Amino acid sequence: MKKVWMLLALVAVMVFAVACGEGETDETDDTGSTEEDGTEEETSGDGSEEEVSAEEGELTGEVAIDGSSTVFPIMEAISEEYTKEEPDVQAPVGVSGSGGGFEKFIAGETDLSNASREIKDEEAEALEENGIDYFEIPLAYDGLSVVVSQENDFVDHLTVEELKQIWVDGGAETWNDVRDEWPEEPIERFAPGTDSGTFDYWNEVILEDEDINRNAQMSEDDNVLVTGVQGSQYATAFFGYAYYAENKDSLKVVPVDNGDGPVEPSEETINDGSYAPLSRPLFTYVKEESLQEPQVLDYVKFLNENAGDMALEVGYVNLTEEEYDENMEKIEEVAGE
C-alpha cells in the first residue's frame with residue numbers, strides 16, 4: 001500500500017508540474033506577443049519605414065502654369081523631371097502665348113506665367129488693380145530664328161531691312177522683290193500669333209510697330225509654323241531657337257546681318273549678344289502668394305536649380321550661375337525663408 005500511495009503522489013506531482021509548465025508557457029507567449037506588438041507600435045510611431053514612405057510623397061496639389069510657347073520646352077522638361085521626384089504634384093504647362101498667359105495670371109488662374117518678353121505696363125497695372133503681387137525670374141536666353149525650307153537654295157542671309165520688307169504689310173510680295181536674282185515666286189509667311197511674346201518682340205525690332213503682312217499665316221503653336229515651312233520651298237517663318245534646333249534636319253536657318261555681317265544663331269552668338277537684334281531673355285513670372293503653398297515653393301526652387309541644364313538640353317542658352325543665385329535669393333526672400 002505504501003508503494004501504491006508513493007506512486008500516486010509521484011503522479012500527482014508530475015501532473016501539477018506539467019500544468020504549471022503549460023501556464024508559464026501560455027504566460028510567456030502572451031507576454032512575448034504583447035511585447036512584440038508594443039515594439040511594432042513604437043516602431044511605427046517613432047520613424048518607421050511606413051512613416052518615411054509617407055514623408056517621401058508628402059507634397060500634393062497642383063502648380064498652375066501657362067504662357068509662352070517659346071518658354072514651353074524648358075518648362076515641359078522641368079515638369080517632367082519634377083514629377084519623377086514628386087509624383088503627387090501635378091504641374092501641367094499650358095501654351096496660351098505670353099499675352100494669353102498674362103491674361104490668366106491677371107485673373108488669378110495661374111501660379112506661374114511664362115513669357116518671352118518682359119511684362120507690359122498695362123499688364124502690371126492690371127495685376128496691381130487685382131491685388132496680385134508677383135516677381136520676375138529670368139530663365140534663359142533665346143535667339144529668335146528665321147528659317148526657310150532646306151529645299152530653298154537661294155536665300156543665304158537676310159539683312160534686318162530685308163526682313164522688314166518681307167514681313168511688313170505692303171512690302172515685298174515675291175522673293176524677286178527682295179533681291180533681283182531671287183525667283184519671282186510668292187513669299188509664304190508663317191508667324192506666331194499676336195498673343196505670342198515672339199510676335200511682340202518681332203513687332204518691336206523688325207516691324208517697328210507697323211502692321212504684319214496680311215497674308216501671313218499665324219498660329220500660337222510653333223509646330224504649325226515648322227510644318228508650314230517644311231512643306232514649301234518658298235516659305236519662311238520665325239520662332240524660338242529651340243524649335244529650329246529640334247527640326248534642323250528639315251529646316252535651314254538664315255543668318256541675319258544687322259550691319260556687321262551675317263551672323264547665325266548659336267549658343268555662342270546668342271549668349272554673347274552678337275546675334276543682334278534677335279537675342280532675348282526668357283522669363284517666368286511668379287505669384288508671390290502662391291509661394292505659401294509648399295508644392296509651388298518647392299517647384300519654383302526646383303525650376304531655378306534646373307533651368308540652366310534644361311535650357312541647354314532643349315536648345316536655348318543658360319544664364320550665368322550668379323543670375324540663378326540672384327533668382328534663389330529673391331525666391332527665399334518672398335517666401336520668408
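The values are calculated or read from the model by the stated rules, or taken from the named source; none is laboratory data. Computed from a predicted structure; not experimentally measured. Note: ideal-geometry Cβ built from the backbone for every residue, glycine included; neighbour counts use all protein chains shown. When the accessible area is computed, the model is the full protein with side chains, heavy atoms only, and any ligands, DNA or RNA have been set aside. Shrake-Rupley method; radii C 1.70, N 1.55, O 1.52, S 1.80 Å.
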Just give me the residues in region 92-105 being open to solvent by less than 30 Å² (accessible area, probe 1.4 Å) and in a helix (DSSP H, G or I), in sequence order. G97, S98, G99, G100, G101, F102, F105
Could you tell me whether A172 is closer than 26 Å to T320 by Cα, out of contact with any Asp or Glu (no Cβ under 6 Å at 6 or more places or on another chain) and surrounded by fewer than 20 Cβ atoms within 10 Å (Cβ to Cβ)? no
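Can you tell me which residue within region 173-212, out of those that are part of a strand (DSSP E or B) and not small (G, A, S), is modelled with the lowest pLDDT? Lay out the reasoning, then the answer.
So in region 173-212, the residues part of a strand (DSSP E or B) come out as 174, 186, 188-192, 212.
Those left that are additionally not small (G, A, S): 174, 186, 188-190, 192, 212.
Values: T174: 98, P186: 98, E188: 98, R189: 98, F190: 97, P192: 94, I212: 97.
Only one residue fits best here, namely P192.
Report yes if T194 is buried (at least 17 other Cβ atoms within 10 Å of the Cβ), under 24 Å from the mean Cα position of the chain (by Cα) and not charged (D, E, K, R), otherwise no.
On the way: buried (at least 17 other Cβ atoms within 10 Å of the Cβ): no; under 24 Å from the mean Cα position of the chain (by Cα): yes; not charged (D, E, K, R): yes.
Here the answer is no, as T194 does not meet what is asked.
Kindly check whether there is at least one residue in region 147-158 that is at negative phi, open to solvent by 10 Å² or more (accessible area, probe 1.4 Å) and β-branched (V, I, T).
Filtering region 147-158 down to residues at negative phi leaves 147-158.
Keeping just the survivors that are open to solvent by 10 Å² or more (accessible area, probe 1.4 Å) gives 150-151, 153-154, 156-157.
Restricting the remaining residues to those that are β-branched (V, I, T) gives none.
Within region 147-158, none of the residues are at negative phi, open to solvent by 10 Å² or more (accessible area, probe 1.4 Å) and β-branched (V, I, T).
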For E123, which of the numbered conditions (1) open to solvent by less than 70 Å² (accessible area, probe 1.4 Å); (2) free of Cβ contacts under 8 Å to residues at least 60 places away in the same chain; (3) under 25 Å from N318 (Cβ atoms) fails to hold? (3)
Among the residues that make up region 71-91, is at least one of them within 18 Å of T194 (Cβ to Cβ), more than 11 Å from the chain's Cα centre (by Cα) and assigned to a helix (DSSP H, G or I)? no
Let me spell it out: the conditions are (1) open to solvent by less than 20 Å² (accessible area, probe 1.4 Å); (2) within 24 Å of S145 (Cα to Cα); (3) assigned to a helix (DSSP H, G or I), and T284 meets all of them except one. Which number is the exception? (3)
